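The numbers here are math on the coordinates, done by the rules we state, and not lab data. Source: prediction; values computed, not measured. Ideal geometry is used to build each Cβ from the backbone, glycine not excepted, and the neighbour counts take in all protein chains shown.
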Amino acid sequence: MLDKKVIGKYKAYLKEHLSKKRYNHSVNVAGAALELARRYGGDTDRAYVAGLLHDCAKELEASKQLELAELSDLDVCDIERTAVPLFHAIAGSELVKTEFGITDKEIIHAIRYHTVACKDMPKLSQIVYLADLISDDRDYKDVKKMRKYAEQSLEKAMYEALKFSISDSVSKGNSIPVCTLEAYNDFAKLMKNT
Ligand SMILES: [Fe+2]
Ligand SMILES: [Fe+2]
């Protein structure tokens, strides 16, 4: 059961450290993660907390984000180390430990991989990854399609989301972290076998 006082503390921190827009995004992602956890038998409390806090480090100075990211004992590849937009996920997974004393490995993992995904992705991490893409505030071109997939199947939605993310990176000439390709391969294999 979520402790309202604790959630209030998280929200107060986010309100102070994020823009209004990103604060709203965080609350929406928490709601979307909770819904997905309900639908797919995930842990709803963890989904809400990880969704709420997933972008907690997003508006810190890039140098501070990198400093926090360097503390992570979860693999950080060179591509992530040089791509500023990717720092905040790794930094956030450290910040929740130091700021809030969160030690729950599933929550930490879900925050850490919410931008890049990874091999053998746990259910909670899949839920937060997708919630970030389908939250109410999102309005990119294919968001309706993505929301439909997320209603149909968690794996199918992950597969489509990774295809979308990889194609987008390729079209922009960006490098792709190996863990993203490994995640894609996992879900592509699953889709072939269903
Ligand atoms: Fe993020
Ligand atoms: Fe986000």
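Values for this structure:
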| quantity | calculated |
| --- | --- |
| Assigned charges on the beta-carbon of Lys, Arg, Asp, Glu; the stretch 51-94 dipole about Cα centre (debye) | 140 debye |
| Label-point separation, Ala62 to Lys15 (7 Å along Cα→Cβ), nm | 3.1 nm |
| Footprinting exposure proxy for Leu60, Leu52, Leu2 (fewest neighbouring C-beta atoms within 10 Å first) | Leu2, Leu60, Leu52 |
| Entries of Lys20/Lys145; Lys15/Lys156; Lys21/Lys163; Lys97/Lys123; Lys5/Lys156; Lys5/Lys97 with Cα pairs more than 25 Å apart | Lys20/Lys145; Lys15/Lys156; Lys21/Lys163; Lys5/Lys156 |
| Cysteines having no other Cys beta carbon under 4.7 Å from their own, within the chain | Cys56, Cys77 |
| Stokes-Einstein diffusion coefficient of the chain, Kirkwood radius over Cα pairs, 4 °C, 1.567 mPa s, in µm²/s | 78 µm²/s |
| Residues Asp142 and Asp120, FRET efficiency given R0 of 25 Å [Cβ-Cβ distance, rounded to 0.05] | 0.40 |
| Check: the chain dipole with +1 on Lys, Arg Cβ and -1 on Asp, Glu Cβ, in debye | 720 debye |
| Qualifying GluC sites (Glu not before Pro) for the stretch 31-89 [loop in DSSP, other Cβ within 10 Å: at most 11] | Glu61 |
| Dipole of the chain, positive end: most advanced residue of Phe164, Thr98, Pro85 [Cβ charges, Cα centre] | Phe164 |
| Chain lengthening between Thr98 and Glu70 when straightened (0.36 nm per residue, less Cα-Cα) | 8.7 nm |
| Rounded FRET efficiency, nearest 0.05, which uses the C-beta distance separating Glu182 from Leu2 and R0 of 45 Å | 0.90 |
